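Novice: There's a structure below that I have some questions on.
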Amino acid sequence: MNPRRDARFLTRSVPRFRAGVLALGVHAAFALLLVFGVSWQVQQPAPVMVDVWDALPSIPPPRAAPPQPAPEPEPDVAPPEPPAPPPKPAAEAPAPPKAPDLALEKRKAEEEKKRAEAERQEALKARQAAEEKARADAARAEEARKAREKQAAEQQKRDLLRQFEEEGLQRAEQEAGLAAQAAAASRRQAAVAGVVAQHIAMISAKVRGNTRLPPDLTGNPEVRCLVKLLPTGEVRSVQVTKSSGNPAYDDAVVRAIEKSSPLPLPDDRDARASFVPELSFVHRPK
Amino acid sequence: MNPELSQDLSLLHLILNASVPVQIVMALLVGASLLSWWFIFIKMFALKRAQRATDAFEHEFWGGADLNLMFKRVSAERDEAGEMERIFEAGFREFMKLKQQAGMSASFIMDGTRRAMRATYQRELDGLESHLSFLATVGSVSPYVGLFGTVWGIMIAFLGLSSVAQATLAQVAPGIAEALIATAMGLFAAIPAVISYNRYTHDIDRLANRMESFMEEFSNILQRQTKAA
């Protein structure tokens with residue numbers, strides 16, 4: 001060792017590497033603190049859309065129709081009953097014309113009268129008996145007829161019912177076939193229309209939420225814009241097609257639309273067709 | 001999408017979207033901050049080591065150890081010796097050399113010894129104080145550099161605003177936010193630098209006082225030896 005070696009050439013080991021690692025560590029920690037500690041993301045709470053649906057736009061079920069005609073045959077069956085009473089008066093009517101002929105000769109007349117009386121009484125009895133019998137017969141016949149009629153009516157009713165049912169079924173089947181298509185189409189249309197309406201409401205709400213109304217705005221002016229959209233819903237361009245007359249407000253609406261990018265688009269392709277690639281947008285402040 | 005209207009205020013996004021002067025300022029400040037923290041840690045270790053070594057040496061020296069043995073040990077490991085040990089070594093070496101030469105008066109020997117010790121003391125103190133001026137500079141200048149970046153960024157933001165018919169806060173907000181990051185970086189670099197600068201100068205002052213006291217006391221001891229010799 002050189003004793004003359006000057007102190008100025010002396011070195012001393014310095015933990016440079018350790019210090020460097022620590023310095024980097026401090027910065028990394030600070031960066032992490034900044035990134036995770038402070039919420040740099042301005043997250044506007046997404047507007048919550050609630051659609052209140054009473055029920056789905058229902059198409060009347062085709063099966064419901066046929067049962068309705070069924071009650072109708074009953075009125076048709078009821079009328080046959082009233083014709084039953086008339087036969088009674090018809091049976092009594094022949095009696096009166098006999099009486100005037102017996103009053104012309106006295107003696108004969110009396111005997112005859114007696115006889116006739118007896119005859120008549122007999123006849124009356126017989127007639128009564130006959131009548132009774134006839135009535136009973138008639139009643140029986142009536143009953144039988146009624147029963148028949150009833151049976152017939154019921155048969156008819158049943159036939160009618162069956163017919164109706166068959167018709168109904170056939171119609172229902174036909175209807176079902178046609179209606180299935182129509183219903184599917186209309187249901188789909190309704191669904192698409194519903195989705196479209198829902199998304200129009202959502203887009204309006206989003207744009208409205210982003211609109212900063214100029215302070216000098218009066219009334220409720222309408223702005224129409226042509227918004228060109230990418231399929232993802234991102235706004236490509238906005239063009240005012242009908243100004244509200246207030247350029248500041250027009251500007252605010254255009255900015256709001258741009259700021260609302262991406263617009264909420266429906267997942268359904270048909271529904272999306274109403275929005276992409278161009279959307280005519282009507283905006284009112286209130 | 002119009003970048004001016006985007007509300008994405010992520011830190012990285014803001015920094016990357018800043019104008020070039022602001023980005024330069026930010027890079028400068030990050031560099032200054034990294035370097036100042038590096039020096040802060042280097043100084044921290046160096047001062048800790050110096051204090052420990054000084055404590056140990058004073059303990060040994062005033063514990064009545066043999067000066068010749070101590071000198072041999074210290075000169076054998078000069079590179080790793082503490083500040084006070086080096087002062088002791090330089091003074092003792094000079095003292096022995098002068099003492100061996102004939103016809104040297106006591107005051108001459110003592111003057112030479114003192115000069116040797118003072119020179120080593122200055123050099124050691126210089127070593128201890130190295131880089132402290134950098135910390136002082138970062139501490140005093142980086143807020144201004146950051147402020148410059150902020151002013152520039154806000155200027156750009158307002159210039160951009162002038163071309164728009166209707167001014168809204170949303171148009172200047174990102175620009176101002178990105179500009180303010182420069183100030184934040186300046187402060188982040190400056191605050192630790194100032195704190196550590198103050199603390200280290202204080203620590204070094206105390207060490208310097210101890211070394212000067214030791215030099216005086218050691219001179220007394222050597223002077224007694226010249227008388228004795």
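Novice: Please list, in order along segment B:135-152, the HN-Hα scalar couplings obtained from phi with the Karplus expression 6.51 cos²θ - 1.76 cosθ + 1.60 (θ = phi - 60°), rounded to whole Hz, x for Gly and Pro.
Specialist: Each residue of segment B:135-152 in turn: 4, 4, 5, 4, x, 8, 9, 4, x, 5, 4, x, 5, 4, x, 5, 4, 4 Hz.
Novice: Using modelled amide H (1.01 Å from N, peptide plane; none on Pro or chain starts), what sits under 5 Å from the amide H of A:E278, excluding residues fewer than 5 places away?
Specialist: A:L229
Novice: Rounded to whole Hz and in sequence order, give me ³J(HN,Hα) for segment A:147-157 from the Karplus expression 6.51 cos²θ - 1.76 cosθ + 1.60, θ = phi - 60°, writing x for Gly and Pro.
Specialist: 4, 4, 4, 4, 4, 4, 4, 5, 4, 4, 4
Novice: Amide H of A:D268: which non-local residues (sequence gap of 5 or more, or other chain) have their own amide H closer than 5 Å, using H built in the peptide plane?
Specialist: none
Novice: Sort B:197-209, B:120-132 by packing, meaning the average of other beta carbons within 10 Å per residue, with the highest value first.
Specialist: B:120-132, B:197-209
Novice: While we're here: With a 10 Å Cβ neighbour count serving as the proxy for reagent exposure, in which order, fewest first, do B:W62, B:W152, B:W37 appear?
Specialist: On the way: B:W62 10, B:W152 19, B:W37 26.
By the 10 Å Cβ count, ascending: B:W62, B:W152, B:W37.
Novice: So if I take the centroid of the Cα atoms in segment A:250-286 and the same for segment A:169-243, what is the distance between those two points in Å?
Specialist: Rounded to whole Å, the Cα centres lie 9 Å apart.
Novice: Give the average, rounded to an integer, of partner chain Cβ atoms located within 10 angstrom of each Cβ in B:37-43.
Specialist: 6
Novice: Give me B:M211, B:M84, A:M202 sorted ascending by neighbouring Cβ count inside 10 Å, so fewest comes first.
Specialist: Exposure proxy ranking, most exposed first: A:M202, B:M211, B:M84.
Novice: Here's a follow-up. Give the angle, between 0 and 90 degrees and rounded to the nearest 10, that separates the Cα long axis of helix B:106-129 from the longest principal axis of the Cα atoms of chain B.
Specialist: Relative to chain B, helix B:106-129 is tipped by roughly 20 degrees.
Novice: Over chain B, calculate the relative contact order: mean separation of alpha carbon pairs under 8 Å at least 6 apart, over the residue count, as a percent.
Specialist: Relative contact order of chain B: 33 percent.
Novice: Taking the alpha-carbon centroid of each part, what is the distance from segment B:36-87 to segment B:97-121 in angstrom?
Specialist: 23 Å
Novice: Please give the calculated 222 nm ellipticity per residue for chain B, where each DSSP H segment of at least 4 residues contributes -39500 (n - 2.57) and the sum is spread over every residue; nearest 500 deg cm²/dmol?
Specialist: -30000 deg cm²/dmol
Novice: Something else now. Quick one: angle between helix B:67-76 and the longest Cα principal axis of chain B, in degrees between 0 and 90, rounded to 10, please.
Specialist: 40 degrees
Novice: Treating the angle as unsigned and between 0 and 90°, give the value, to the nearest 10°, between the Cα long axis of helix B:169-228 and the longest Cα principal axis of chain B.
Specialist: 0 degrees
Novice: Each residue of segment A:222-233 in turn: what ³J(HN,Hα) in whole Hz from Karplus with 6.51, -1.76, 1.60 and θ = phi - 60°, glycine and Pro shown as x?
Specialist: 9, 10, 10, 10, 9, 9, 9, 10, 7, x, 7, x
Novice: Taking neighbour Cβ counts within 10 Å as the exposure measure, how do B:S36, B:S163, B:S105 sort from fewest upward?
Specialist: Final ranking by Cβ density, sparse to dense: B:S163, B:S105, B:S36.
Each value in this text was obtained by applying a stated rule to the coordinates, not by laboratory testing. Here the structure is a predicted model, which means the values were calculated and not measured. In this analysis, Cβ positions are derived from the backbone assuming ideal geometry, glycine residues included, and neighbour counts consider all displayed protein chains.
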